[in-house]
Amino acid sequence: MNSSLKALARYLLGSLRDLLPVIVVVVFFQLAVLQQPLPNLGQLLFGTLLVVLGLTFFINGLETGLFPIGESLAHALARKGSLFWLIIFAFTLGFGTTIAEPALIAIAEEASEIAAQAGVIGASLEAQEDYALGLRLTVALSVGCAIVLGVVRILKGWPVHWMIVGGYVIVVIITGFAPRDIISIAYDSGGVTTSTITVPLVTALGVGLATSISGRNPMIDGFGLIAFASLTPMIFVMLYGMVVH
Amino acid sequence: MLWHELLDAFLGTLRDIFPIVAMILAFQFLVIRRPLPDLRKVALGFVYVVLGLTLFLVGLEEALFPLGRLMAKQLTDPAFIYAGELIPDTVDWAEYFWVYIFAFTIGFSTTIAEPALLAVAIKAQQVSAGAIGVWGLRIAVALGVAVGLALGTYRIVTGLPIHYFIIAGYVVVVIQTIFAPRLIIPLAYDSGGVTTSTVTVPLVAALGLGLAETVPGRNVLIDGFGLIAFASLFPIMSVMAYAQLSGYRAWRQRRRASQSE
């Protein structure tokens with residue numbers, strides 16, 4: 001028990017360190033540049049406390065529960081050599097981690113509120129929730145596909161830049177057809193998807209695969225999965241926008 | 001009110017975590033067919049994940065979102081920009097320079113402190129046998145994010161269409177890919193996605209939405225989003241530029257060494 005308390009304290013310091021730059025910059029601007037009092041200071045401080053506590057438990061839980069199993073599974077499946085299970089694993093890993101990604105939950109909610117205000121979707125709470133969930137499912141689906149594509153690439157040893165450049169071309173073409181009000185949300189969703197949960201697990205899968213296949217360089221073949229996972233959501237979300245808007 | 005919010009977030013979190021838990025258990029027992037090594041520890045871990053995510057999401061609503069919007073509102077307030085001067089009818093984009101400076105500093109400081117980036121940088125240094133320095137890479141990525149965010153806020157202020165910027169960025173990335181050392185390419189592409197952390201994303205998104213709300217003539221849905229896209233694109237360029245620069249320096253050193261012989 002004592003050791004787990006110590007671990008919690010260490011994660012608490014870690015999440016404080018994550019927030020510190022934000023706090024320093026905001027306080028500097030408030031005191032030196034804006035020189036205005038912050039309204040609702042109590043609420044902001046309380047919310048920040050929740051964020052720090054939440055991050056502490058979240059990261060601690062990930063590292064004691066999810067990451068060890070996820071990583072050992074990724075290694076075991078990479079060694080097992082069954083293409084079928086590897087691809088199923090890659091897809092569900094991409095899908096499952098993305099649905100649970102906190103930054104995506106936050107952005108999808110924000111996007112649904114704004115779409116409702118702009119009158120693109122119905123203003124009812126239900127319509128907003130449907131839209132937010134649809135957005136998240138779309139992104140999760142696209143990340144699942146991206147990880148499958150990335151795994152196949154590592155197995156075949158295709159060079160990553162051809163596929164990325166190809167993806168860019170598709171993004172540019174679809175941009176020409178997508179409704180204007182989905183484009184910026186779609187572009188954002190690429191960067192949002194890959195954060196706390198997805199990056200460590202997906203990187204473990206990529207580097208694990210590249211190390212267990214002979215003739216693959218972990219530096220060249222192990223990285224690159226995240227790049228796919230940040231590219232496909234743009235394409236899928238623009239398609240989603242063409243259907244919904 | 002707060003309890004209600006907490007309960008809502010808690011139930012939502014359970015639903016969000018369910019797929020990944022179900023999937024990991026299914027693979028562990030059905031495909032790999034091995035028992036979990038330390039069941040109690042793992043179960044505790046999942047309880048922490050649900051609890052932590054719940055608190056984090058409520059905290060976001062209470063602090064990070066309001067803070068981002070508030071900063072946007074205060075930095076674009078005409079009374080702040082024209083302190084003591086006469087307020088004109090239309091605002092020139094250059095008058096919003098504090099917004100760009102704020103975006104730049106937030107981008108640089110949060111990225112330099114980002115633990116995921118540090119982990120990637122250490123790995124990159126090992127695999128490249130020291131050719132890519134930890135600090136060089138971190139500064140390159142942080143500068144990329146900072147410039148990206150500053151340019152992104154400039155786009156919101158001016159209301160230019162986002163795809164012009166992103167497509168132009170793609171062209172630069174493609175040209176750099178041709179000339180950059182092959183080893184750095186996948187890492188550079190990844191660094192774009194890695195940098196945007198869980199704390200930065202909500203704050204930056206709220207900043208963008210706040211800007212689109214307060215700058216006259218902007219549409220929140222069209223102009224408010226897009227900052228994250230800038231923050232993910234520019235590190236790709238800056239990391240490849242860093243690799244090209246260090247490659248060029250190594251080449252010049254070699255040439256000087258061979259000339260002096």
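Kindly state, as a whole number, the per residue volume in cubic angstrom of the convex hull around the alpha carbon atoms of the protein assembly as shown.
On the way: hull volume 86.0 nm³, N = 506.
Here the figure is 170 Å³ per residue.
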*asked:* List the residues, sorted by chain then number, that are 5 or more residues from A:Ile121 or on another chain and whose placed amide H is less than 5 Å from its amide H.
replied: A:Ala116
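Using only alpha-carbon positions, what ratio does the radius of gyration of region A:107-245 give when scaled by 2.2 N^0.38 Å?
Values: Rg = 16.7 Å, N = 139, 2.2 N^0.38 = 14.3 Å.
After normalising by residue count via 2.2 N^0.38 Å, the value is 1.16.
In a shell of Cβ-Cβ distance under 11 Å around A:Tyr131, excluding A:Tyr131 itself, what net charge do Lys and Arg (+1) and Asp and Glu (-1) give?
Working: positive: A:Arg136; negative: A:Glu109, A:Glu113, A:Glu126, A:Glu129, A:Asp130.
Net charge in that neighbourhood comes out at -4.
A:Ala127 to B:Ser258: FRET efficiency via 1/(1 + (r/R0)^6), r the Cβ-Cβ distance, R0 60 Å, to the nearest 0.05? Could you put the intermediate results ahead of the total?
Working: r = 70 Å, r/R0 = 1.16.
Efficiency, rounded to the nearest 0.05: 0.30.
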_Given a 1.4 angstrom probe, I'd like the percentage of the accessible area of region B:88-250 that is carbon and sulfur, rounded to a whole number._
70 percent
*Can you tell me the accessible area per residue over chain A, all protein chains present, probe 1.4 angstrom, in square angstrom?*
39 Å²
*asked:* How many Å² of accessible surface get buried when A and B come together, counting both sides, probe radius 1.4 Å, rounded to the nearest 100?
replied: 8500 Å²
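Per Stokes-Einstein, at 37 °C and 0.692 mPa s, what whole-number D in µm² s⁻¹ belongs to chain B, with the Kirkwood radius over Cα pairs as the hydrodynamic radius? Don't jump to the answer; show the numbers that get you there.
Details: Rh = 21.4 Å.
Approximately 154 µm²/s, per Stokes-Einstein.
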*Sorted by average packing, counted as other Cβ atoms within 10 angstrom per residue and highest first, what order do A:111-122, A:64-75, B:53-64 take?*
B:53-64, A:64-75, A:111-122
*asked:* Suppose every Lys and Arg Cβ carries +1 and every Asp and Glu Cβ carries -1, with no other charges. What dipole size does region A:71-225 come out with about its Cα centre, to the nearest 20 debye?
replied: 960 debye
*asked:* At 27 angstrom or more along the helix axis (alpha-carbon based) and mean Kyte-Doolittle of 0.0 or higher, what helices does chain A contain? Whole DSSP H runs only.
replied: A:2-28, A:41-61, A:125-156, A:225-244
*asked:* Can you give the local net charge around A:Phe58? Use residues other than it whose beta-carbon is closer than 13 angstrom to its beta-carbon, Lys and Arg +1, Asp and Glu -1.
replied: -4
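How large is the helix-only mean residue ellipticity at 222 nm for the protein assembly as shown, computed as the sum of -39500 (n - 2.57) over DSSP H runs with n ≥ 4, divided by its residue count, in deg cm²/dmol to the nearest 500? It would help to have the intermediate numbers written out before the result.
Working: 21 runs with 384 residues, N = 506.
When only DSSP H runs of four or more count, the value is -26000 deg cm²/dmol.
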*What does the average come to when, for each residue of peptide B:96-103, you count the partner chain Cβ atoms lying within 10 Å of its Cβ?*
1
*Pairs to check: A:Lys156/B:Lys41; A:Lys6/A:Lys80; B:Lys41/B:Lys123. Give those whose C-alpha atoms are more than 30 Å from each other in this structure.*
A:Lys156/B:Lys41; A:Lys6/A:Lys80
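Counting only other residues whose beta carbon sits under 9 Å from that of A:Thr194, what net charge do I get with K and R as +1, D and E as -1? Mind dumping the intermediate values first?
Details: positive: none; negative: A:Glu101, B:Asp190.
Net charge around A:Thr194: -2.
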*To the nearest 10 Å², what's A:Trp85's accessible area with a 1.4 Å probe?*
90 Å²
*Cα gyration tensor shape of chain A, rounded if a/c is under 1.5, else prolate or oblate by comparing a/b with b/c*: oblate
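The values are calculated or read from the model by the stated rules, or taken from the named source; none is laboratory data. Only a predicted model underlies this, so the values are computations on that prediction, with no experimental measurement involved. All Cβ positions, even for glycine, are placed from backbone atoms using ideal geometry, and neighbour counts span all protein chains on display. SASA here: full protein model, heavy atoms, side chains in, ligands and nucleic acids out. Shrake-Rupley method; radii C 1.70, N 1.55, O 1.52, S 1.80 Å.
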